[in-house]
Amino acid sequence: MKILVVEDEHRIAQAIKEGLEDESYAVDIAYDGDEGYRSASADEYDLIISDVMMPEMNGYEMVAKLRQDGDHTPVLMLTAKSQESDVVKGLDTGADDYLAKPFSFNVLLARIRALLRRPTQSLGETLKVGPLTLDPAAKRVEREGRVLKLSSKEFAILEFFMRNPGKILSKDTIITHVWNFDADILPNNVEVFITFLRSKIDKPFKKPLIHTVRGFGYRLGEES
């Protein structure tokens, strides 16, 4: 996962970068809002962490401009301003979460993991892979006109697959994106849920959509 840190205090920016790199994230730094906007526009990031009060362009302005451009990368606002009006302004501008300084690095990591689990596309969008459709907002799954009843965890796994059609997803990747960061879950548990999913979206139909890629994980899609 690649993260952009936009923070004008170099010491804080470097500390966040070093801490996140220790957690195996790839991290770029921008030291003001204008540089942050240019970096976010020129490259793809899984998450942006941005301070609010910065020279050139503040965090509110940067996020608003990115949203106007159609950039829906999750944004976590980092700032010393913690009054309710500031939080509301940040969220209304387009930020996804808000963390006041000073903060625990473990809390920062937890917020990052939570945001990275969120889909970057609109929750109202109907996803489609072959004959399978999934409506995230309505929590509705259909295949060939038949409504499929899934548990909440089965639905979450299937949604993650459908947001990554054709990609090979390892068990660890599925755990990271579907379960809470403190969940006591093992790779074998993923196998169990994949079996449950197959019994509902594949077994009653002629062509399987979930394929095992031995040694790597699973892939959702139609065989060519």
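I'd like the full set of residues that are without any contact (Cβ under 8 Å) to a residue 40 or more places away in the chain and assigned to a strand (DSSP E or B), limited to the range 167-224.
Result: H211, T212.
Quick one: count up the residues across the range 209-224 that are over 21 Å from N188 (Cβ atoms) and modelled with pLDDT of 95 or more.
1
Looking at the range 17-52, which of its residues are surrounded by fewer than 20 Cβ atoms within 10 Å (Cβ to Cβ) and either outside the structural domain of A64 (by TED's automatic domain parsing) or assigned to a helix (DSSP H, G or I) (or both)?
Result: K17, E18, G19, E21, D22, D34, E35, R38, S39, S41, A42.
How about the range 49-65: which of its residues are in contact with a Gly (Cβ under 7 Å, 6 or more places away or on another chain) and under 19 Å from L116 (Cβ atoms)?
Hits for the range 49-65 are S50, V63.
Given the criteria touching a helix residue (DSSP H, G or I) at 6+ places or on another chain (Cβ under 8 Å), at pLDDT 90 or above, of a type in the set (G, A, S) and surrounded by 15 or more Cβ atoms within 10 Å (Cβ to Cβ), does A64 qualify?
Yes.
Residues in the range 203-210: is at least one aromatic (F, W, Y) and within 22 Å of D135 (Cα to Cα)? Walk me through how you get there before you give the answer.
So in the range 203-210, the residues aromatic (F, W, Y) come out as 205.
From what's left, within 22 Å of D135 (Cα to Cα): 205.
Checking the range 203-210: at least one residue is aromatic (F, W, Y) and within 22 Å of D135 (Cα to Cα).
Determine the pairs where a residue that is closer than 18 Å to L116 by Cβ, located within the range 29-48, has a partner that is among the acidic types (D, E) with Cβ atoms under 8 Å apart, the partner being 6 or more residues away or on another chain.
A40/D71; D43/D28; Y45/D28
Inspect the range 168-185 for any residue being loosely packed, with under 11 Cβ neighbours inside 10 Å and either aliphatic (A, V, I, L, M) or over 22 Å from the mean Cα position of the chain (by Cα) (or both) and give the result as yes or no.
There is at least one residue in the range 168-185 that is loosely packed, with under 11 Cβ neighbours inside 10 Å and either aliphatic (A, V, I, L, M) or over 22 Å from the mean Cα position of the chain (by Cα) (or both).
Scanning the range 39-61 for residues that are under 29 Å from H177 (Cβ atoms) and of a type in the set (D, E, K, R), which turns out modelled with the lowest pLDDT?
Residue satisfying both the conditions and the ranking: E44.
What do you reckon, is E142 surrounded by 12 or more Cβ atoms within 10 Å (Cβ to Cβ), at pLDDT 90 or above, in a strand (DSSP E or B) and charged (D, E, K, R)?
Yes; evaluated as a whole, the condition is true for this residue.
Taking the options L91, L123, L115, L127, name whichever one is touching a strand residue (DSSP E or B) at 6+ places or on another chain (Cβ under 7 Å) and at pLDDT below 80.
Going through L91, L123, L115, L127 in turn, just one is touching a strand residue (DSSP E or B) at 6+ places or on another chain (Cβ under 7 Å) and at pLDDT below 80: L91.
The values are calculated or read from the model by the stated rules, or taken from the named source; none is laboratory data. Because the structure is predicted, anything quoted here is derived from the model rather than measured. Heads up, the Cβs are rebuilt from the backbone with ideal geometry, glycines too, and the neighbour counts pull from every protein chain shown.
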